[in-house]
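The values are calculated or read from the model by the stated rules, or taken from the named source; none is laboratory data. All values reported here derive from a predicted model rather than from experimental measurement. Using ideal geometry, Cβ is built from the backbone for each residue, glycine included, and neighbour counts are taken over all protein chains shown. Quick note on the areas: whole protein, heavy atoms, side chains included, nothing else; ligands and nucleic acids left out. Shrake-Rupley method; radii C 1.70, N 1.55, O 1.52, S 1.80 Å.
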Amino acid sequence: MREGTVTITGELSEDLRNVIDRYLNGHRSRSLATLSRASGVSYTTLRRLYQKEGNPTAEPVLKIVDVALN
């Protein structure tokens, strides 16, 4: 891991999934693809995060949270 790199695991991964679910729920026009475009995070990365796969850095997580909560 590079110095200064932050990764998420465990409860934070579950919290991120909950944030994405809140973004998606109740909005028929919203999808992982629209969140990907709005956040600038690739669809593949976003899908992996949503499925709690991999070990993401803070940058894509912050981009997703910024769009999903605003």
Candidate set from region 1-43 (those that are open to solvent by less than 80 Å² (accessible area, probe 1.4 Å), of a type in the set (Ser, Thr, Tyr) and at pLDDT 95 or above); member that is nearest to residue 69 (Cα to Cα):
39
Residue check, residue 65 of a type in the set (Val, Ile, Thr), open to solvent by 40 Å² or more (accessible area, probe 1.4 Å) and in contact (Cβ under 8 Å) with a residue 40 or more places away in the chain:
yes
Mind checking which residues of region 47-59 are closer than 17 Å to residue 11 by Cα and open to solvent by less than 80 Å² (accessible area, probe 1.4 Å)?
49, 50, 54, 56, 57, 58
Show the residue pairs meeting these rules: Cβ distance below 8 Å; 6+ apart or different chains; first residue within region 15-29 and under 20 Å from residue 58 (Cα atoms); second residue basic (Lys, Arg) and modelled with pLDDT under 90.
17/52
